[in-house]
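Please treat every number below as a calculation from the coordinates, not as lab data. None of these values were measured; they are calculated from a predicted model. Heads up, the Cβs are rebuilt from the backbone with ideal geometry, glycines too, and the neighbour counts pull from every protein chain shown.
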Amino acid sequence: MGLFGSVSGKQVDEFAKGLAQEIAKRYPPTMDKGSGERKISQKRLTNILEEAFNKAADFRRQHKLGVYKKARLGNTFRWELSELGYSDKFVETATEGLVVYVSRK
C-alpha cells in the first residue's frame, strides 16, 4: 500500500460526508444534544456507528487508501459531523472509532 492510494481526494471527501449524513439520518444531532423527543440506547448507537465504520473499512479495502487519504477521510468526517451540529464529545468519539477501524490491516 502506497502513501497516496488509488482514489482521488474528492472521492474520499464525498464518501466521508456521505458517511456522516448516514449517521445523521439514524441518529440526528438533536438526539445527541438531548433535545430530541426520543432517547436512543447506547447499544443502538454503537450499532449505528459500527455499521458506518465497517462501510469505511470496506471503502479502504476497495480503494487501497494510503496514509494521507486515511487522514483526509478522518478529517472530513470530523468536520462534517461538527457542521451537522453534534457535540464535541460525540464528534471526537465517532472520529476516533472511524480512524481505528480504517487503520486496521
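In this structure, R61 and I40 have a Cβ-Cβ separation that, at R0 = 35 Å, corresponds to a calculated FRET efficiency of about 0.75.
For R72, neighbours were defined as the other residues whose beta-carbon sits under 15 Å from its Cβ, and their charges (Lys and Arg +1, Asp and Glu -1) total +4. Tally Lys and Arg at +1 and Asp and Glu at -1 over the other residues with C-beta under 14 Å from the C-beta of E14: what net charge comes out? Here the charged neighbours net out to +2.
Non-local lysine pairs in the range 9-103, meaning eight or more places apart or on different chains, with alpha-carbon distances under 21 Å, amount to 24. Ranked for footprinting exposure by Cβ neighbours inside 10 Å, fewest first, I23, I40 give I40, I23. Helix content alone sets the calculated 222 nm mean residue ellipticity of the chain: runs of n ≥ 4 DSSP H residues at -39500 (n - 2.57) each, divided across all residues, give -24500 deg cm²/dmol.
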